Amino acid sequence: MTHHLSRPKDIERIPTIIVGDIHAGFDTYRALLRREEAKAGRPLPSIQVGDYGIGNGSDAEARDVRSFHLAHRRHRFIRGNHDRPEEVIRAPGYLPDGIILGRVLFLGGAESQRQPFRPRQDTEMAQDEMDEVLKRLSASAEMPDVVVSHDAPQHVADRLWRETGSSGDGVGQGLAHSSRTRLFLDKVHAVLQPSLWLFGHWHHPWAHQDGRTHFRCVGYHEAFTLELPLTQMGIAP
């Protein structure tokens, strides 16, 4: 699928709630949205960074989540490695991999951690999709300035892992293992050099400045509001 950049005149900096991994904590997700909207005093759009838990709740929860997003279309999410791909692509509120809204690029997926292990293509973008995104970005006259992804680029994951480790104790732990998604995101970063890159997956609130790009890992059950260069048509309250 080919997605087009919006014209500059369509783009506004819109206060947007950013929500970290939820892992089927649907009540917590809605409480976080209510808290941020109460602070703003008005409805706000939101983006959840994957591992929402699509396909991992009960049938009743699945119906409730679907009804919620049909009724509140301003709340959107990308795909994580703990969202079932065959269900998330049909879910209201889903932002497909590679879509660009305004000057924000969305890229879901990560290497599967399910047991028993499922093939990578179940939870990562297919290689031809990765190639198409890179080709489209390289040919674009106006680059996205913000990236929202589930996982981090490899070089950022390496630093995060060294600084936090799996237990978050701050002890250096070497390098994170490489994955196809992380190496792809490295290439996206090299092409775009965006001013902001938001991601989840690692569960640690963490920030790092790399040249022009400010990387921010959104923590587990964390939420905050910031302005993003989005289109009103694409993600309106």
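Read-outs: derived from the displayed coordinates by stated rules, not from any lab. Predicted model only: the values in this text are computed from it and were never measured. All Cβ positions, even for glycine, are placed from backbone atoms using ideal geometry, and neighbour counts span all protein chains on display.
Descending by average beta-carbon neighbour count within 10 Å, the peptides 142-148, 218-224, 62-68, 18-24 line up as 18-24, 142-148, 218-224, 62-68, the highest first. Under 1.5 on a/c is rounded, so check that first for segment 14-231, then, if it is not, pick prolate when a/b is larger than b/c and oblate when it is not; a ≥ b ≥ c are the square roots of the alpha carbon gyration tensor eigenvalues. It is rounded, given that a/c, with a ≥ b ≥ c, falls under 1.5.
Apply 1/(1 + (r/R0)^6) to the Cβ-Cβ distance of ALA190 and ALA60, taking R0 = 41 Å, and write down the FRET efficiency to the nearest 0.05.
0.35
For the pair segment 14-91 / segment 195-217, the C-alpha centres are spaced 21 Å from each other.
Using C-alpha pairs below 8 Å separated by at least 6 residues, the relative contact order for segment 14-231 is 24 percent.
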